[in-house]
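Below is one structure, written out as structure tokens; comments come after it.
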Amino acid sequence: MAFVEQQAISDAAHDKAHILRVVKIAKQLCQQEQAQLDVVMAAAYLHDCVSVAKNDPRRKQASLLAADRAIEFLSAKQLLQKQHDAIHHAIVAHSFSANVEPLTLEAKIVQDADRLDALGAIGLTRCIQVGTALGRPLYSIDDPFCETREPDDTTYTIDHFYVKLLRLADTMQTSSAKEEALKRIEFMKSYLQQLSSEI
């Protein structure tokens with residue numbers, strides 16, 4: 001954990017708490033799906049050991065940079081040497097931005113765990129944290145819920161719900177994660193309904 005904290009860029013949405021939540025979710029999914037725990041845990045702990053800001057031009061390479069650094073760390077410590085390829089792939093494939101298909105059950109679990117942390121109460125909070133850090137308004141005054149315009153999450157924070165978050169259940173790789181994603185998305189929809197009534 002100390003290694004991850006030293007490497008990561010300060011980002012409220014990708015901090016130590018995010019790592020610990022992803023590890024917790026990944027462990028649960030690993031037990032439900034009967035995957036290799038050592039690969040899943042190593043990849044989950046190290047998946048964001050290189051953190052690139054959402055508006056950084058290297059964003060799509062962030063997971064590859066993290067995977068490479070994770071293997072450097074594991075090699076230096078002589079840890080899990082036979083699993084390096086599997087761990088590397090799981091870290092590369094976890095990223096939404098990278099658009100890399102997870103080819104192993106372990107990679108699917110790490111991807112699902114990271115995406116589940118983008119949903120529900122935590123996901124909603126993280127979305128607002130990122131939008132605030134980037135100086136984006138919460139919503140468009142003219143059309144807050146993208147009813148007559150294309151969503152633009154580079155301009156408005158709430159638009160990220162429509163660009164990505166509300167669609168994440170369809171990207172879940174495991175049945176256990178999909179079930180949880182649907183529950184979390186229902187909560188986020190109820191937030192949007194409440195927000196609509198208030199504005």
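The values are calculated or read from the model by the stated rules, or taken from the named source; none is laboratory data. In this text the structure is predicted, and so the values were computed from the model without any measurement. Reconstructed Cβ throughout: ideal geometry from the backbone, glycine too, with neighbour counts over all protein chains shown. Note: accessible area is taken over every heavy atom of the protein model, side chains too, but ligands, DNA and RNA are not part of it. Shrake-Rupley method; radii C 1.70, N 1.55, O 1.52, S 1.80 Å.
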Revision key, fill the gap. Karplus ³J(HN,Hα) for the stretch 78-85 (6.51 cos²θ - 1.76 cosθ + 1.60, θ = phi - 60°; Hz, whole; x = Gly/Pro) runs 6, 10, 6, 4, 6, 9, 4, 4
Point to revise | Normalised contact order of the chain, rounded percent, pairs of Cα under 8 Å and 6 or more residues apart | key: 18
Review point. Under the rule of -39500 (n - 2.57) per DSSP H run of 4 or more residues, summed and divided by the residues of the chain, what mean residue ellipticity at 222 nm is obtained, to the nearest 500 deg cm²/dmol?
Key: -18000 deg cm²/dmol
Exercise for review: Report the label-to-label distance for Lys27 and Ser197 in nanometres (one decimal), using points 7 Å from each Cα along the Cα→Cβ vector.
Suggested key: 3.8
Exercise for review: Run down the lysines and flag those whose C-alpha is under 28 Å from the C-alpha of Lys164, throwing out any fewer than 8 positions away in its chain.
Suggested key: Lys16, Lys24, Lys27, Lys54, Lys60, Lys108, Lys178, Lys183, Lys189
Check your understanding: Residues of the chain: accessible area per residue at 1.4 Å, in Å²?
Key -> 52
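Measure off, as a whole percent, the carbon and sulfur share of the 1.4 Å-probe accessible area of the chain, all protein chains present. All intermediate terms of the calculation are to be shown ahead of the outcome.
Details: 5120 of 10350 Å².
Reported share for carbon and sulfur atoms: 49 percent.
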